[in-house]
Every structure is written in structure tokens, then in C-alpha cells.
Amino acid sequence: MQESTPIRPRDQLLRDSFTPAEAILFGVILIMASIVNWLGDPRSLWLLGSLLIIGCLTPLVLKTHEHTHPFFVDLLWPKFWLCSAPAWILALQFVLGLTQNPLNSVTIDNNLYHTLAPISLWRPISAVDNTAWLTTFAYCGTYLMATSLYIVPKSRAFFERLFPWLCIGAVLVGVFGYIQKGLGLTKPLFTPGTGANDFFAFFPYDGHWAAFASLWCCACIAMSLLTTRYEDNPGFINSTGPWYLTGGTLLGTTGFLVKAPLPAAVLLLTLSAMLLIVAVEFIANPKDPHHRSIATCSGLTACLSFAGGIFRIFQDQAVTDNASALRMAAIDMFKDSPVFGWGIDSYERLLPFYSNDMLLGQRSERAASDWLQLLAELGLIGFIIILFFLSAFIVRYLRDARNVRLTNHLLIGCSSVLLLALCDSPFMAPAVLFSFFVIFFSSLRWAEVSRNQVDEVDAARPRLVTPESQRRVPFYNQPYNEKEK
């Protein structure tokens with residue numbers, strides 16, 4: 001239960017009704033989700049520009065929250081500045097990097113060539129200063145807006161209303177992908193694509209789709225399991241649980257259609273883990289009249305998905321050597337500028353200086369590993385900042401011993417994407433970045449509002465009621481038995 005004592009109806013209404021800030025945040029998140037889900041091109045100017053503009057609304061949401069929240073929000077701005085610190089630091093690193101560009105232009109016989117000039121290792125660098133600014137600030141804006149989900153919602157009711165819409169949106173994109181494969185379309189809509197046939201739905205590269213589907217597969221199945229824990233649950237079959245479970249399974253089984261082997265394997269193994277959790281939950285819950293059939297179907301599908309994931313891991317990959325060469329180039333870049341890296345989006349520009357003969361004449365935007373690319377472009381400073389803050393959020397959750405099942409299930413999807421980032425580039429896609437931070441911060445906020453009194457979540461003030469053992473005057477602190485007169 002969320003409250004230690006029975007909550008009165010008027011208090012429950014105050015807790016679960018949207019404040020103006022929650023209403024604004026609800027609408028903004030849905031708008032951002034629609035944009036990133038349906039405009040899948042990672043470098044679309046419309047997409048990045050929209051994310052930048054919407055991200056600038058974050059102060060408006062927080063200021064509205066400060067003036068309209070019915071409880072104490074003493075920790076509002078300290079929490080915001082602490083949570084948003086990575087975005088401000090990385091944006092500052094990019095701006096300072098504009099003062100040092102390592103690329104020089106040389107004209108020989110009317111041909112333009114680039115040379116790599118000596119650099120100072122102790123100053124930020126930016127090898128791409130004319131286009132990288134939009135990507136940098138769009139991603140920072142997306143992160144800032146996502147942090148609002150860790151600050152603004154005052155109860156679980158906010159997420160119980162938000163996640164159904166987000167899950168429906170993700171499933172609809174997946175259904176469109178199935179239809180797309182059935183019709184044999186040659187390229188995704190709303191984007192020119194990459195020229196290859198490894199696309200799915202609106203994602204030009206199906207590896208990005210696999211990361212996106214892993215996140216929302218976990219979210220759908222987590223919401224399905226949540227319905228079984230409601231006190232007024234009419235039974236799993238008669239609730240919304242089967243719809244969530246079907247949606248999560250549809251997203252997960254797209255792994256059989258994804259051509260990128262390792263992303264497909266991660267997606268299928270994630271689906272297998274979530275369905276196994278469903279099977280265990282229903283085995284341990286014999287009160288549901290259909291628990292055996294649900295557990296059996298979930299277990300069999302989990303086994304099938306696990307087998308498919310293992311098969312994809314060991315599947316022959318024609319691009320293994322190229323991917324290894326791209327990763328080695330990122331490592332060599334990091335060795336030459338280990339402190340601040342070469343700047344956002346610099347990998348593609350500097351690859352000709354570091355690629356081996358196997359990559360001769362080829363261009364690539366990504367290093368086939370987001371973690372290695374992060375080291376190459378942001379150096380140890382950026383890498384440590386991002387890793388430290390992600391770890392700090394998780395450690396804080398574990399330190400408070402909040403064993404919240406929905407949070408744990410959502411974090412499984414986040415862990416899958418972080419694991420995939422070791423051998424692929426999921427965070428190149430704004431849809432994956434947005435979905436990751438939305439699910440990450442929502443899961444942590446859900447844990448906070450589930451284990452604390454609603455009026456104490458963001459309050460830093462001391463308790464106004466002295467403990468009973470220290471009082472000299474009797475004080476009535478029991479549930480009220482109100483009757484209409």
C-alpha cells in the first residue's frame with residue numbers, strides 16, 4: 001500500500017488529480033513521444049529542432065509546478081539542478097570546444113583537403129562546429145524534459161495515466177512495422193533511409209528499433225503485471241493486463257524480423273526474461289483461475305524467444321570485421337585525446353585519419369559501440385560524468401531498499417539498452433534516447449512516491465508533529481471517522 005494509514009476520499013482526490021504542471025508535462029511528453037516515434041531519421045532537422053524547442057519548456061513546467069503544487073516542494077530546484085548537471089556540463093564542454101578546431105583546410109590543385117593540426121589535451125575540442133550544435137542541444141533538451149518526470153509527478157496516478165498512451169503508441173509503431181514487412185516496402189516512411197533494407201517501421205536502421213522495442217516491451221509487460229496487484233483487480237483475463245501482455249509480446253517478437261544479429265538477440269532475450277517473470281508471478285499466484293494457462297503460455301513463449309536470441313548471438317555476421325575496425329578507430333581517437341575527446345559528432349569527420357585499409361573509402365557516423373564513441377567524442381570527462389550520474393541514481397534507489405517491482409521491471413529494459421550500447425549505437429536514435437530517459441526517470445519516481453507519504457516526497461522541512469513518546473500534551477493522530485450530518 002502507498003499509505004500507512006487509510007486515506008480519506010478528499011485527500012485521495014487531491015493526491016491523484018492533475019496539477020497544472022502535471023497536465024502540461026503529460027501533454028508535452030505525449031507530443032515528444034509522437035514526434036520521435038514517427039520521425040525516425042536520427043539526423044532529421046525537423047526532429048532535432050522540435051526536441052530543442054520542447055526542451056526549452058522545462059523551466060516553464062517547473063515554475064508552474066512550484067506555484068501550483070499543493071504540498072511542500074522544498075527540494076524542487078536543488079533536485080533539478082542536480083539531475084540536470086550532466087546536460088549543463090556537456091553543453092558547456094561543447095561551447096568551450098568551439099575555441100579549438102583540430103581540422104585545417106588545404107587546397108592543392110583546386111582540391112580541398114583536411115589536415116589534423118596539433119591540439120591541446122587540456123582544453124575541450126570540437127571537430128564539427130557547424131552542425132553538431134543542434135544535436136548537442138536537442139539531446140540536452142530531451143534529457144532536461146525527461147528529468148521533469150523525476151520531479152513533477154506527485155503520485156502513481158500520473159504514470160498510471162501516462163504509460164497506457166506511451167505503450168499504445170509504441171505498439172502501433174510495431175504493428176506498422178509488421179504491415180510494412182508484409183507489404184514489402186523498400187524504405188521507411190518520412191525518411192530517405194540508408195539505402196539498405198535493414199529498416200523497420202520508421203527507423204532507418206532496425207538495430208535502433210530493437211533497442212526501442214526492448215524498452216517498451218518491458219514497459220508493457222510491467223504494466224500488465226501491475227494490474228494483477230490492484231486490490232480491485234477483477235481477474236487478469238477481465239482486466240487490461242492481457243492487452244499489455246499482448247502488446248509487449250508483439251514488440252518483443254519483432255526480434256525475429258530484425259536483421260541486425262546482436263540487437264535482435266538482445267530484444268529476444270529481454271522478451272524471454274520478462275515472460276519468464278510473468279510465468280513465475282502466476283505460478284506463485286494460484287488465486288487467479290487462469291494462472292496455469294497463463295504461466296504455461298508465457299513460459300513456452302519465453303523458451304522460444306530465448307532459443308531465438310541464442311541463435312542470433314552465434315549467427316554469422318558479415319560485418320563483424322568492419323565493426324571491429326570501427327571500434328578500434330574509436331579507441332585510437334580516445335588515445336590521442338583522452339581528457340575531453342574530439343567533440344560531439346566528430347567521429348565521422350575524423351574517421352579517415354584513423355581508419356585502417358579495411359575501411360578505405362567508407363564513411364560511418366558511429367563506432368559500432370556507443371560507449372566507445374562516447375569515450376572518443378567526450379573523453380574521460382564526459383564518460384565519467386554520464387556514468388557517475390546513472391550510477392548515482394541506481395545506488396540511491398538500492399540504498400533506500402525500495403524493492404518496487406514495477407521499477408525493477410522497467411529498469412530491465414534500460415539495462416538491456418545499456419548492454420546493447422556496448423556493441424551497437426542505440427542512442428544515436430532520438431526515439432531510443434527519449435524512451436530510455438522517460439522510462440528511467442519514471443521508474444525511479446514511481447519508487448519514491450510508492451514508498452513515501454505524498455506530502456513528504458519533496459519536502460525538506462522538519463516534521464511539525466513531535467513523536468508521541470516526546471509529547472507532554474495529548475494529541476489525536478488517528479484516522480477520522482467522518483459522518484455526514
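The values are calculated or read from the model by the stated rules, or taken from the named source; none is laboratory data. All values reported here derive from a predicted model rather than from experimental measurement. With ideal geometry, Cβ positions are generated from the backbone for all residues, glycine too; neighbour counts draw on all protein chains shown. Areas reflect the complete protein model, heavy atoms only, side chains present, ligands, DNA and RNA absent. Shrake-Rupley method; radii C 1.70, N 1.55, O 1.52, S 1.80 Å.
Each stretch of four or more DSSP H residues adds -39500 (n - 2.57); spread over every residue of the chain, this sum gives -20000 deg cm²/dmol at 222 nm.
Between amide H atoms placed 1.01 Å from N, distances below 5 Å from residue 100 occur with 126, all of them 5 or more places distant or on a separate chain. Counting charges near residue 197 (Lys, Arg +1; Asp, Glu -1) among other residues having Cβ under 12 Å from its Cβ returns a value of +1. Summarise the accessible area of the chain (1.4 Å probe, protein heavy atoms) by the percent that is carbon and sulfur. Carbon with sulfur: 64 percent of the solvent-accessible area. Each of the peptides 64-72, 29-37 was scored by the mean count of other Cβ atoms within 10 Å over its residues; in descending order, highest first, they stand as 29-37, 64-72.
What's the lysine pair count for the chain at a Cα cut-off below 25 Å, pairs eight or more apart or interchain?
Working: 63/79; 63/154; 79/154; 181/259; 187/259.
For the chain, the number of qualifying lysine pairs is 5.
Can you give me the angle between helix 132-147 and the longest principal axis of the chain, using Cα atoms only, in degrees from 0 to 90, rounded to the nearest 10? Helix 132-147 and the main axis of the chain meet at about 10 degrees.
Need one word for region 249-393: rounded, prolate or oblate. Basis is the Cα gyration tensor (sqrt eigenvalues a ≥ b ≥ c); a/c below 1.5 gives rounded, then a/b vs b/c decides.
Values: a/c = 4.50, a/b = 2.02, b/c = 2.23.
It comes out oblate by the Cα gyration axes.
Between residue 450 and residue 108, the modelled label-to-label distance comes to 6.3 nm, taking each label 7 Å out from Cα in the direction of the beta carbon. At an R0 of 60 angstrom, the distance between the Cβ atoms of residue 99 and residue 240 translates into a FRET efficiency of 0.65.
Distance between the 7 Å Cα→Cβ label points at residue 17 and residue 57: 2.3 nm. 3J(HN,Hα) couplings calculated from phi for region 294-300 with the Karplus curve 6.51 cos²θ - 1.76 cosθ + 1.60 (θ = phi - 60°) are, in sequence order, 5, 5, 5, 5, 5, x, 5 Hz; Gly and Pro show x.
In a simple Cβ point-charge model (Lys, Arg +1; Asp, Glu -1; nothing else charged), the chain has a dipole of about 1120 debye relative to its Cα centre. Most tightly packed first, judged by the mean number of other beta-carbon atoms within 10 Å of their residues, the peptides 430-439, 224-233, 301-310, 365-374 read 430-439, 365-374, 301-310, 224-233. Here the label points at residue 348 and residue 30, each 7 Å from Cα along the C-beta direction, are separated by 3.4 nm in the simple model. 3J(HN,Hα) couplings calculated from phi for region 215-221 with the Karplus curve 6.51 cos²θ - 1.76 cosθ + 1.60 (θ = phi - 60°) are, in sequence order, 5, 7, 4, 5, 5, 5, 5 Hz; Gly and Pro show x. For the chain, the longest principal axis of the alpha carbon atoms and the long axis of helix 20-38 meet at an angle near 40°. Shown is the FRET efficiency for residue 356 and residue 422, computed with R0 = 30 Å from the Cβ-Cβ distance and rounded to the nearest 0.05: 0.90. In order along region 154-170, the phi-based Karplus estimate (6.51 cos²θ - 1.76 cosθ + 1.60, θ = phi - 60°) of 3J(HN,Hα) comes to 9, 8, 5, 4, 4, 6, 5, 9, 7, 5, x, 5, 5, 5, 4, x, 5 Hz; Gly and Pro are listed as x. The peptide list 391-398, 78-85, 376-383, put in order of mean Cβ contacts within 10 Å with the highest first, becomes 376-383, 78-85, 391-398.
Given +1 at the Cβ of Lys and Arg, -1 at the Cβ of Asp and Glu and no other charges, the dipole of region 158-280 around its Cα centre is 260 debye to the nearest 20.
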